[in-house]
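The values are calculated or read from the model by the stated rules, or taken from the named source; none is laboratory data. Just so it is clear, the model here is predicted, and its values are computed rather than measured. Cβ sites come from the backbone with ideal geometry, for glycine too, and all protein chains shown count toward neighbours.
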Amino acid sequence: MGFRYTMIGAALCIFIFYFGLLASLFFSVSPKGFWEALVHPSTLFSIRLSLIAASLATFLAIVIGLPSAYALSRYEFTGKQIIDTFLEIPMIMSPIALGASFLVFFNTPLGEAIQTRGIFFVFEFPGIILAQFATIAGLATRLMKASLDEISPRYEAVARSLGSSSWQAFYRITFPLSFRGLLASVILSWAKAVGEFGATVTLAGAMPGKTETMPIAIFTALASARIEKTIVLILILITLGLIALYGVRLTGRMIRYD
Amino acid sequence: MIRIEGLTIFLKTFQLNDFHIQIEEGEFHFLLGPTGSGKTLILESVIGLHRPKKGKIWVAEREVQHLPPEQREISYVPQDLALFPHLTVRENILYGIRAKNHPLATYSEYVDSLIQVMRIGPLLERYPVKLSGGEKKRVALLRALAPKPKLLLLDEPLTGLDPSIKFEIQQLLKTLHASFRPTVLCVSHDFEEAYLLGNKITVFIHGKVEQVGTRDDVFLRPRSKPVALFLGLKNIFRGKAICQEKESNRWRVSVNNLQFSIPHHASLGEITEGKEFDLYLRPEEVMIIRDGKPIKDSLKWNIFDGKIEDIVDRGKHHTVFFHPQNEEIPFEISIPNYAYRNLDLFVGKGVKVALRDEAFWVME
């Protein structure tokens, strides 16, 4: 039994480690200060900004990621391996390097043309979305591909032989069958976008009332020693993360067909 | 009528050259070949999932090789069935009619009769996960037939089923075919399946059509040695025509030093002097002569002495391994149980055997 207790003990240690860390947050905050920090306009702004930006970035990641995931899951084509590898770039690249690359890009003639004739990204709201999108698009595609991989292409083959076009076969058969997995992928990607810091702060800056998302607000609050605001924001981020994780768990409880 | 002409597929691992097949309306046609012979690729090309390099496919009078699967009017029942798990049995069945935007009313009588023949009525509101193996098979067949396809493709319909379900599905397929006469192309590696269900069989081995014919053509008169071997036939020997016998008009054929006298009708083609061919001796057409019993005239042509090398009980019959005297070409004899019981055979026993004229079959 020694072996069993050692293993369970290790699991308990991890739990105590994280739980202790979270519990310590309540050590340095008073209920009054907590409330004041929470309803402060700058805090509310950060929350709103984060939710909107992350949702838009996630939406864009789905728009481009879902068809890509489908292609990678179903077809053989030249360059497939390379594309698959590039999806991991944001995972192995430091977020700050990613943000810095964007700054360099917007200094090239093409980047400048986009900024002058199209949308301004550097130190602007669209920059937040771009940075978050860049961080999560690869991950979202990978996760969605994995859920599409689980659905046998034979279903679509049969649906098509029965008269469905490839689009119909997708939305009548493959999409509903993989919905659980796709939804979980979306939730995880969104949670990652909400917590994104490095790329966002590099590309969009840390301007209060403009580009200060929650993680950035934590950074600036901490830098100016506003501990209560820091803690409030951390707790909100944790809460959002837990809700997202619970959401993913819920998808697991949805109807299973197999 | 379904016609495939000159189908050519080049893949890294597989090549198919100039494949032809013709399926008449209402025919239950088997494409029979060993695993890995490219049958699935042919099937996928017919459905439209795979674009062949060359070749034409006609469904009725329409050329379909350029059309996407949904416009070909070919239904498909894969081996794993692929019933849509998120739809009820009813929704599965009606999928094809709805996908084509056909009015349900015009199909309802036909679909109802299918439901009745397949005894699916009580299952209509269930989800596939709640069905037994046999029920799933029935639903998949019904789903494929409901939109009245011009061709029904079946991929190994009886493979991997429990014996009891296998029999049920086999009977059902027979009934279905008899009642609704769909045109069926069935891909299989199981010659028993083909024997039980097919009224036309194309034997396809190593990328080549070896024989096309009725069930009896293929099983009783295999055209070539590869077909015979694929069907699991024994007693195939290399023979050579020596000469024509003057009075009887029969051919004298040698296998090693053993000489047989074979009738003309044992061959589809012309036999000429010196011609070499594969000779098949049908094990069930060889008799063991009981001691002291007079030999009929019709059996007098091919009588050999030898001894029994081995005996295997096959359940419904016995296989006796016969070794002719002074010869190294032992062959198998198949004896029904009732006859075996009267013969008092044992390993090592010396016996006399007679080959009926029906025992001989000359292959290309």
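Is it true that some residue in segment A:173-191 is among the polar types (S, T, N, Q) and closer than 30 Å to B:Thr40 by Cα? Within segment A:173-191, one or more residues are among the polar types (S, T, N, Q) and closer than 30 Å to B:Thr40 by Cα.
Among the listed residues A:Ile47, A:Ile62, A:Ile114, A:Ile89, identify the single one that is β-branched (Val, Ile, Thr), under 29 Å from A:Pro153 (Cα atoms) and surrounded by 15 or more Cβ atoms within 10 Å (Cβ to Cβ). Exactly one of A:Ile47, A:Ile62, A:Ile114, A:Ile89 is β-branched (Val, Ile, Thr), under 29 Å from A:Pro153 (Cα atoms) and surrounded by 15 or more Cβ atoms within 10 Å (Cβ to Cβ), namely A:Ile62. Every condition in (1) closer than 23 Å to A:Leu182 by Cα; (2) in contact (Cβ under 8 Å) with a residue 12 or more places away in the chain; (3) acidic (Asp, Glu) holds for A:Glu124 except the one numbered (1). State yes or no: is B:Glu309 acidic (Asp, Glu) and assigned to a loop (DSSP other than H, G, I, E, B)? Criteria not met by B:Glu309.
Rundown of residues vs (1) small (Gly, Ala, Ser); (2) modelled with pLDDT under 95; (3) surrounded by 11 or more Cβ atoms within 10 Å (Cβ to Cβ), yes/no style:
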site	(1), (2), (3)
A:Leu21	no, yes, no
A:Pro31	no, yes, no
A:Phe34	no, yes, yes
A:Ser42	yes, yes, yes
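Scanning segment B:320-359 for residues that are among the basic types (Lys, Arg) and closer than 30 Å to B:Arg250 by Cα turns up B:Lys352, B:Arg356.
Applying the criterion of at least 1 residues that are farther than 30 Å from B:Leu152 by Cα and either more than 14 Å from chain B (Cβ to nearest Cβ) or touching an Asp or Glu at 6+ places or on another chain (Cβ under 9 Å) (or both) to the helices (runs of 4 or more DSSP H) found wholly in segment A:95-209 leaves A:95-105, A:109-117, A:125-149, A:175-194, A:198-204.
How many residues, within segment A:216-255, are free of Cβ contacts under 8 Å to residues at least 24 places away in the same chain and of a type outside the set (A, V, I, L, M)?
8
With respect to being within 19 Å of B:Leu258 (Cβ to Cβ), in the same structural domain as B:Asn257 (by TED's automatic domain parsing) and hydrophobic (A, V, I, L, M, F, W, C), B:Ala339 falls outside the description. Being more than 18 Å from A:Ser73 (Cα to Cα), aromatic (Phe, Trp, Tyr) and either surrounded by fewer than 23 Cβ atoms within 10 Å (Cβ to Cβ) or in the same structural domain as A:Thr141 (by TED's automatic domain parsing) (or both), is that true of even one residue in segment A:167-177? No, the conditions are met nowhere in segment A:167-177.
Each row is one residue, and each column tells you yes or no for (1) outside any helix (DSSP H, G or I); (2) modelled with pLDDT of 90 or more; (3) closer than 21 Å to B:Glu27 by Cα.
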{"site": "B:Gly134", "(1), (2), (3)": "no, no, no"}
{"site": "B:Ala144", "(1), (2), (3)": "no, yes, yes"}
{"site": "B:Lys148", "(1), (2), (3)": "yes, yes, yes"}
{"site": "B:Leu152", "(1), (2), (3)": "yes, yes, yes"}
{"site": "B:Pro157", "(1), (2), (3)": "yes, no, yes"}
{"site": "B:Gly160", "(1), (2), (3)": "yes, no, no"}
{"site": "B:His177", "(1), (2), (3)": "no, yes, yes"}
{"site": "B:Pro182", "(1), (2), (3)": "yes, yes, yes"}
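Pairs meeting the criteria (first residue in segment A:38-58 and farther than 12 Å from A:Leu233 by Cβ, second residue of a type in the set (Gly, Ala, Ser), beta carbons under 6 Å, at least 6 apart or on different chains) are A:Ala54/A:Ala193; A:Ala57/A:Ala193; A:Thr58/A:Ser189; A:Thr58/A:Ala193. Candidates are the residues of segment B:95-126 that are touching a residue at least 24 places away in the same chain (Cβ under 8 Å), part of a helix (DSSP H, G or I) and facing chain A (nearest Cβ under 10 Å); the one that is surrounded by the most Cβ atoms within 10 Å (Cβ to Cβ) is B:Gly96.
Residues in segment B:61-92 that are basic (Lys, Arg), surrounded by 15 or more Cβ atoms within 10 Å (Cβ to Cβ) and more than 9 Å from chain A (Cβ to nearest Cβ): B:Arg90 only.
The lone criterion from (1) crowded, with 18+ Cβ neighbours inside 10 Å; (2) among the charged types (D, E, K, R); (3) farther than 22 Å from A:Met93 by Cα left unmet by A:Arg253 is number (1).
If you check A:Thr202, A:Thr135, A:Thr116 for being of a type in the set (Val, Ile, Thr) and under 15 Å from the mean Cα position of the chain (by Cα), only one passes: A:Thr135. Here is a check on your reading of the model: is B:Tyr195 aromatic (Phe, Trp, Tyr) and crowded, with 19+ Cβ neighbours inside 10 Å? It is false that B:Tyr195 is aromatic (Phe, Trp, Tyr) and crowded, with 19+ Cβ neighbours inside 10 Å.
With B:Glu25, B:Glu91 as the choices, which residue is of a type outside the set (A, V, I, L, M, F, W, C) and part of a helix (DSSP H, G or I)? Working first, answer last.
On the way: B:Glu25 fails: part of a helix (DSSP H, G or I).
Just a single option satisfies the conditions, and that option is B:Glu91.
Taking the options B:Leu355, B:Leu343, name whichever one is over 27 Å from B:Glu276 (Cβ atoms), hydrophobic (A, V, I, L, M, F, W, C) and touching a strand residue (DSSP E or B) at 6+ places or on another chain (Cβ under 7 Å). Residue meeting the stated conditions: B:Leu343. Look at segment A:84-98: where a residue is outside the structural domain of A:Ala146 (by TED's automatic domain parsing), no partner that is of a type in the set (A, V, I, L, M) and loosely packed, with under 15 Cβ neighbours inside 10 Å sits 6+ places away or on another chain with Cβ atoms under 6 Å.
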